[in-house]
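Student: Input: one structure, supplied below.
The values are calculated or read from the model by the stated rules, or taken from the named source; none is laboratory data. Keep in mind the model is a prediction, meaning the values are calculated, not measured. Every residue, glycine among them, receives a Cβ derived from its backbone with ideal geometry; neighbour counts consider all protein chains shown. Just the protein is used for accessible areas: all its heavy atoms, side chains included, with ligands, DNA and RNA removed. Shrake-Rupley method; radii C 1.70, N 1.55, O 1.52, S 1.80 Å.
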Amino acid sequence: MSNRIILLGAPGSGKGTQARHLAAEWGVPQIATGDMLREAAAHGSPLGLEAKRYMDTGGLVPDGVVIGLVAERLARPDAKAGFVLDGFPRTVAQAEALDRILREPGLSLDRVAFLDVSRAELLRRLTGRRVCRRCGAAYHLVSAPPQTSDRCDACKGELYQREDDAPAAVARRLDVYEKQTAPLLAYYERGGLLAAVRGEGSMDDVTAGIRKAVRGTGAA
Ligand code: ADP
Ligand code: ZN
């Protein structure tokens, strides 16, 4: 039994929130490259500062940088029983690198769940998004507002709008997604791993959809 799962979806598809929830439920780490890169940037490491230049404008961080980060993360003991990958892979080159990283110790992916959300809905979600600086919880000005404006309900941390949630960067991220990441759907379809899940609807319905998509792999 294993839980080696990828949550695939456009920016704003909700994969971060779902990955956090399901990883906790399954007792495996959520491996979110966006969070790892933002953390590196916040610490001001050379790698983090280089990554930030790409992230702030909505472009992708170079494959080599991200692949190195993920390879290191997957080698840690807590990833042995499985993981939920969130935001990686984002290019076909990253997907091929992941296959190689897993093949080395004789492992493979169990399922790739694709969260399907329309472009209009993605735009609406991304521009209204606010994130807690302290714990990373996500809010939406219209559909999931915090109880006190600008403060996280869970930890009272400050809420902010990510640089890359500004309108121009959002448009760029969606274009980058279409060009570079959407081809992964065909890649995993060919590998027999892909399961599409309707990403619009309530948070709980979407979670249930993902559970159903991975059922039969030992994860749900
Ligand atoms: P979202 O999915 O909402 O865009 P993420 O937090 O996953 O948010 O990613 C934010 C940014 O981090 C991306 O726009 C990109 O610049 C960078 N990033 C994250 N993961 C990757 C990756 N696998 N490859 C390249 N860049 C990445
Ligand atoms: Zn918080």
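Student: For G201, state whether it is away from ligand 1 (no atom under 16 Å from the Cβ) and on the phi > 0 side of the Ramachandran plot. First the steps, then the outcome.
Tutor: Details: away from ligand 1 (no atom under 16 Å from the Cβ): yes; on the phi > 0 side of the Ramachandran plot: yes.
Criteria met by G201.
Student: Right, next: For the stretch 88-101, enumerate the residues that are open to solvent by 10 Å² or more (accessible area, probe 1.4 Å) and either small (G, A, S) or closer than 15 Å to I5 by Cα (or both).
Tutor: R90, A93, D99, I101
Student: Ok, one more. Looking only at the stretch 189-216, count how many residues are open to solvent by 50 Å² or more (accessible area, probe 1.4 Å) and of a type in the set (S, T, Y).
Tutor: So the answer is 1.
Student: A further question follows. Between a first residue in the stretch 58-81 that is over 29 Å from A166 (Cβ atoms) and a second residue that is modelled with pLDDT of 95 or more and assigned to a helix (DSSP H, G or I), which pairs have beta carbons less than 7 Å apart while being 6 or more apart in sequence or on different chains?
Tutor: Short answer, once both residue conditions are applied: A71/I101; L74/I101; A79/R73.
Student: Contact list please: Cβ distance under 9 Å, first residue in the stretch 191-211 and over 18 Å from S118 (Cα atoms) and among the small types (G, A, S), second residue assigned to a helix (DSSP H, G or I) and open to solvent by less than 70 Å² (accessible area, probe 1.4 Å), pairs at least six apart or on different chains.
Tutor: Cβ pairs passing all conditions: G191/D99.
Student: Which condition number in (1) within 28 Å of A168 (Cβ to Cβ); (2) surrounded by 17 or more Cβ atoms within 10 Å (Cβ to Cβ); (3) away from ligand 1 (no atom under 11 Å from the Cβ) is the one that F83 fails?
Tutor: Every condition holds for F83 apart from (1).
Student: Hey, another quick one. Restricting to the stretch 52-79, name every residue that is surrounded by 14 or more Cβ atoms within 10 Å (Cβ to Cβ) and within 22 Å of H21 (Cα to Cα).
Tutor: V70, R73, L74, A79
Student: Name the residue that is farthest from ligand 1 (Cβ to nearest atom), counting only residues in the stretch 124-148 that are hydrophobic (A, V, I, L, M, F, W, C), surrounded by 16 or more Cβ atoms within 10 Å (Cβ to Cβ) and not in a strand (DSSP E or B).
Tutor: Only one residue fits best here, namely A137.
Student: Of the conditions (1) surrounded by 22 or more Cβ atoms within 10 Å (Cβ to Cβ); (2) farther than 20 Å from A196 by Cβ; (3) aliphatic (A, V, I, L, M), A41 clears all except one; give me its number.
Tutor: Evaluating A41 over (1) surrounded by 22 or more Cβ atoms within 10 Å (Cβ to Cβ); (2) farther than 20 Å from A196 by Cβ; (3) aliphatic (A, V, I, L, M) leaves (1) as the failure.
Student: To continue, here is another question. Would you pick out the residues in the stretch 47-87 that are among the small types (G, A, S) and within 27 Å of N3 (Cα to Cα)?
Tutor: The answer is G64, G68, A71, A75, A79, A81, G82, G87.
Student: Is it true that some residue in the stretch 152-162 is charged (D, E, K, R), loosely packed, with under 15 Cβ neighbours inside 10 Å and touching a residue at least 60 places away in the same chain (Cβ under 8 Å)?
Tutor: For the stretch 152-162, residues charged (D, E, K, R), loosely packed, with under 15 Cβ neighbours inside 10 Å and touching a residue at least 60 places away in the same chain (Cβ under 8 Å): absent.
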